[in-house]
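Asks: So that we are looking at the same thing, I have put the structure below in structure tokens.
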Amino acid sequence: MIAEDQGLTATYNQLKDAAITTEPIQRLRALHDALDRAVIRAYGWYQHGPDGQPLRDPDGNPIPLDVPPYGTATPQAQAAFDDEVIDRLFLLNAQRAQEEATTARQQAEAHARQAPPTGGRGRGKKKKPGGTGNDDDGQLGLL
């Protein structure tokens with residue numbers, strides 16, 4: 001809100017106040033709603049019926065999660081939306097963590113299969129006591 005020389009905190013306080021209906025705040029609310037809807041679509045989050053399946057419109061398309069109008073929704077509607085989003089983010093985080101753990105385990109197993117066996121590979125032959133380490137029986141070093 002450059003025109004009013006106003007910072008973010010004051011702007012968001014106005015944005016959440018349904019009594020404020022100035023054109024810049026209404027425009028910012030519309031942008032906020034559009035961003036929320038774009039994020040919901042990007043995550044592929046849909047409304048679900050009691051059976052857990054996505055609800056569909058008359059054309060058979062899944063219905064995106066309902067986004068309440070920012071700053072003018074009832075506190076209950078906003079809280080329900082916030083809770084739903086947070087629940088879905090926790091679930092998504094758990095799924096990603098499981099996928100990462102599976103990938104790390106698979107990579108470790110693949111690396112272990114490619115690693116040389118233990119026991120000195122690449123170190124050369126062990127020297128015999130009193131020997132020179134040559135490919136003989138070690139006796140040349142004694143004469």
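Asks: If I filter segment 115-124 for residues that are surrounded by 10 or more Cβ atoms within 10 Å (Cβ to Cβ), of a type outside the set (A, V, I, L, M), at pLDDT below 90 and out of contact with any Phe, Trp or Tyr (no Cβ under 7 Å at 6 or more places or on another chain), do I get at least one hit?
Replies: First, the residues of segment 115-124 that are surrounded by 10 or more Cβ atoms within 10 Å (Cβ to Cβ): 120.
Cutting the leftovers down to of a type outside the set (A, V, I, L, M) gives us 120.
With the extra rule that they be at pLDDT below 90, the set shrinks to 120.
After this cut, where a residue has to be out of contact with any Phe, Trp or Tyr (no Cβ under 7 Å at 6 or more places or on another chain) as well, the list is 120.
Within segment 115-124 (the criterion being surrounded by 10 or more Cβ atoms within 10 Å (Cβ to Cβ), of a type outside the set (A, V, I, L, M), at pLDDT below 90 and out of contact with any Phe, Trp or Tyr (no Cβ under 7 Å at 6 or more places or on another chain)), the answer is yes, since at least one residue qualifies.
Asks: If you check residue 17 against the conditions, is it acidic (Asp, Glu) and either surrounded by 10 or more Cβ atoms within 10 Å (Cβ to Cβ) or touching a residue at least 24 places away in the same chain (Cβ under 8 Å) (or both)?
Replies: Working: acidic (Asp, Glu): yes; either surrounded by 10 or more Cβ atoms within 10 Å (Cβ to Cβ) or touching a residue at least 24 places away in the same chain (Cβ under 8 Å) (or both): yes.
When the stated conditions are applied, residue 17 passes them.
Asks: Just need a number here: residues in segment 1-11 that are modelled with pLDDT under 85 and assigned to a helix (DSSP H, G or I).
Replies: Filtering segment 1-11 for residues modelled with pLDDT under 85 gives 1-6.
Filter again for assigned to a helix (DSSP H, G or I), leaving 2-4.
Of the residues in that region, 3 qualify.
One line per residue, one yes/no per condition, for (1) part of a helix (DSSP H, G or I); (2) modelled with pLDDT under 90; (3) touching a Gly at 6+ places or on another chain (Cβ under 9 Å); (4) not β-branched (Val, Ile, Thr):
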| residue | (1), (2), (3), (4) |
| --- | --- |
| 15 | yes, yes, yes, yes |
| 34 | yes, no, no, yes |
| 52 | no, yes, no, yes |
| 79 | yes, no, no, yes |
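Asks: Would you check which residues across segment 24-39 are within 14 Å of residue 12 (Cβ to Cβ) and without any contact (Cβ under 8 Å) to a residue 12 or more places away in the chain and list them?
Replies: The answer is 31, 35.
Asks: Also: Among the numbered criteria (1) in a loop (DSSP other than H, G, I, E, B); (2) modelled with pLDDT of 90 or more, which one does residue 71 miss?
Replies: (2)
Asks: Quick one: in segment 26-54, which of the residues that are hydrophobic (A, V, I, L, M, F, W, C) and surrounded by 15 or more Cβ atoms within 10 Å (Cβ to Cβ) is farthest from the chain's Cα centre (by Cα)?
Replies: Here is the first cut: in segment 26-54, the residues hydrophobic (A, V, I, L, M, F, W, C) are 28, 30-31, 34-35, 38-40, 42, 45.
Okay, now just the ones that are also surrounded by 15 or more Cβ atoms within 10 Å (Cβ to Cβ), so 28, 40, 45.
On the way: 28: 27, 40: 15, 45: 15 Å.
Top of the filtered list is 28.
Asks: Could I ask something else about it? For segment 39-50, check the following and say yes or no: at least one residue is within 30 Å of residue 4 (Cβ to Cβ) and assigned to a helix (DSSP H, G or I). If you could, list the steps in order and put the result at the bottom.
Replies: Residues of segment 39-50 that are within 30 Å of residue 4 (Cβ to Cβ), as a first pass: 39.
From the residues that got through so far, the ones that are assigned to a helix (DSSP H, G or I) too are 39.
Taking every residue of segment 39-50 in turn, at least one turns out to be within 30 Å of residue 4 (Cβ to Cβ) and assigned to a helix (DSSP H, G or I).
The values are calculated or read from the model by the stated rules, or taken from the named source; none is laboratory data. Please read all numbers here as calculations on a predicted model, not as lab measurements. Virtual Cβ from ideal backbone geometry, glycine too; neighbours counted across all protein chains shown.
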